[in-house]
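Bear in mind these aren't lab numbers, they're just calculated from the coordinates by the rules spelled out. Only a predicted model underlies this, so the values are computations on that prediction, with no experimental measurement involved. Cβ atoms come from the backbone with ideal geometry, glycine included; neighbour counts cover every protein chain shown.
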Amino acid sequence: MSSGRLYASCLRMLRREDLAEDVLQDAFINIWRGASSFDPSRGAALTWMTSIVRNRALDLLRSAHVQAGQMSDEFHDEDFASQGRSPSTAAATDASAEAVARCMQQLKAPQRRCIMMAYY
């Protein structure tokens, strides 16, 4: 149930199926090992798991940028946009995600960039 959504999140960020699979596997190992630290009073389990997966994907992206000498302080909206939709990505997209995307499009570029940087 959660693996499809988490995989879709990885795939959107990494844009490569092989990397998304590796990050998701690593994240699930960390989720399993850290399950005792989950506190349901602080939020939903899926939210906690999503943050772990997102942080793993960001770690990989940062290390790839640093290794390639491409680390920059500027983020572009298209850096976070999906490059096409695989079936798993399409299945994970629901009405709330579409509503958020519509709201994000109504924001000015600097505001949208701030939200994207805070989330990703």
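Highest first, please rank the peptides 23-36, 44-57, 6-19 by the mean number of other Cβ atoms sitting within 10 Å of their residues.
6-19, 44-57, 23-36
Choose one of Gly34, Cys10, Leu46: the residue whose Cα lies farthest towards the positive end of the charge dipole of the stretch 1-52 (beta-carbon charges +1 Lys, Arg; -1 Asp, Glu; about the Cα centre).
In the stretch 1-52, that residue is Leu46.
Can you tell me the FRET efficiency between Arg16 and Gln106 if r is taken as the Cβ-Cβ distance and R0 is 30 Å, rounded to the nearest 0.05?
Details: r = 30 Å, r/R0 = 1.01.
After rounding to 0.05, the efficiency reads 0.50.
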